[in-house]
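Written out below as structure tokens is the structure these notes cover.
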Amino acid sequence: AQSVTQLDSHVSVSEGTPVLLRCNYSSSYSPSLFWYVQHPNKGLQLLLKYTSAATLVKGINGFEAEFKKSETSFHLTKPSAHMSDAAEYFCVVSDRIWSGGADGLTFGKGTHLIIQP
Amino acid sequence: SQTIHQWPATLVQPVGSPLSLECTVEGTSNPNLYWYRQAAGRGLQLLFYSVGIGQISSEVPQNLSASRPQDRQFILSSKKLLLSDSGFYLCACTGGLSEQYFGPGTRLTVT
């Protein structure tokens, strides 16, 4: 079985400072990992994905995440926060073998990112 | 790349009334399709998924149902809405490497 834990329900940073959103996962197999962003009353947008290639993954809008197997972590970072980054962020794990081919995704509960001016 | 359309964007319905939410997908064929519900302050809950026309799997027992009459059309229905059905409903389809792409969502308020 797979699971994902987002360690912070809310993160508040000042504009221009670094962002760190933490995510830990568990999976019986080699997982695929994703980060999605959701602005209020909008659908989810894929930020980046890890699929067993390079462990440091670069995404859109200056975000990146590093897959650390030894720590079972996939934390999301950005060097300098922008006001437009304020949103809900979801860490997601996919274990395609476990899902039986239905691309079963397991979502974290989300982290609300607040950007202070 | 895939484009997912959902309608309506918002809906206010009384308790006991029927429901029909529609999702259509462009830019891909034979996708896996999903319905999720996002209740206020909560994460996403997978409701249904479909791997092909007429093939529906339910993840959570409830008074909702889903149908897939065409390859790129996915419909979420209910005969009688409950207050607890209120939420944000998202349709998604599978991308190339098991990621999913989401539609803009439908905000349902049951009064």
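Key figures for this structure:
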{"quantity": "Contacts under 7 angstrom Cβ, first residue in the range A:69-94 being basic (Lys, Arg), partner part of a loop (DSSP other than H, G, I, E, B), 6 or more apart", "calculated": "A:LYS78/A:PRO18; A:LYS78/A:PHE63"}
{"quantity": "Per-region count, the range A:1-58, residues in a loop (DSSP other than H, G, I, E, B), within 10 Å of chain B (Cβ to nearest Cβ) and surrounded by 14 or more Cβ atoms within 10 Å (Cβ to Cβ)", "calculated": "4"}
{"quantity": "Search result, residues across the range A:59-92 that are in contact with a strand residue (DSSP E or B) (Cβ under 7 Å, 6 or more places away or on another chain), farther than 17 Å from A:ILE115 by Cα and in a loop (DSSP other than H, G, I, E, B)", "calculated": "A:GLY59, A:THR72"}
{"quantity": "Matching residues, the range B:58-72, being more than 16 Å from B:GLN100 (Cβ to Cβ), open to solvent by 30 Å² or more (accessible area, probe 1.4 Å) and in contact with a strand residue (DSSP E or B) (Cβ under 9 Å, 6 or more places away or on another chain)", "calculated": "B:SER58, B:VAL60, B:GLN62, B:ASN63, B:SER65, B:SER67, B:PRO69, B:GLN70, B:ASP71"}
{"quantity": "B:LEU11 being part of a strand (DSSP E or B), within 14 Å of another protein chain (Cβ to nearest Cβ) and under 28 Å from A:THR111 (Cβ atoms)", "calculated": "no"}
{"quantity": "Single residue of B:ARG37, B:ARG42, B:ARG107 found to be in a strand (DSSP E or B), within 26 Å of A:TYR50 (Cα to Cα) and open to solvent by 10 Å² or more (accessible area, probe 1.4 Å)", "calculated": "B:ARG37"}
{"quantity": "Filtered residue count, the range A:63-78, keeping only those that are open to solvent by less than 50 Å² (accessible area, probe 1.4 Å) and among the hydroxyl-bearing types (Ser, Thr, Tyr)", "calculated": "2"}
{"quantity": "Matching residues in the range B:78-100 - criterion: being of a type in the set (Ser, Thr, Tyr), open to solvent by 30 Å² or more (accessible area, probe 1.4 Å) and in contact with a Pro (Cβ under 9 Å, 6 or more places away or on another chain)", "calculated": "none"}
{"quantity": "Test for B:GLN55: is it more than 12 Å from the chain's Cα centre (by Cα), open to solvent by less than 40 Å² (accessible area, probe 1.4 Å) and within 12 Å of chain A (Cβ to nearest Cβ)", "calculated": "no"}
{"quantity": "Complete set of residues in the range B:4-42 that are of a type in the set (Val, Ile, Thr), closer than 20 Å to B:ILE53 by Cβ and out of contact with any His (no Cβ under 8 Å at 6 or more places or on another chain)", "calculated": "B:ILE4, B:THR28"}
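The values are calculated or read from the model by the stated rules, or taken from the named source; none is laboratory data. Quick caveat, the model's predicted, so the values are computed rather than measured. Positions of Cβ are generated from backbone atoms using ideal geometry, with glycine treated the same way; all protein chains shown enter the neighbour counts. Please note that ligands, DNA and RNA were not included when accessible areas were found on the heavy atoms of the full protein model with its side chains. Shrake-Rupley method; radii C 1.70, N 1.55, O 1.52, S 1.80 Å.
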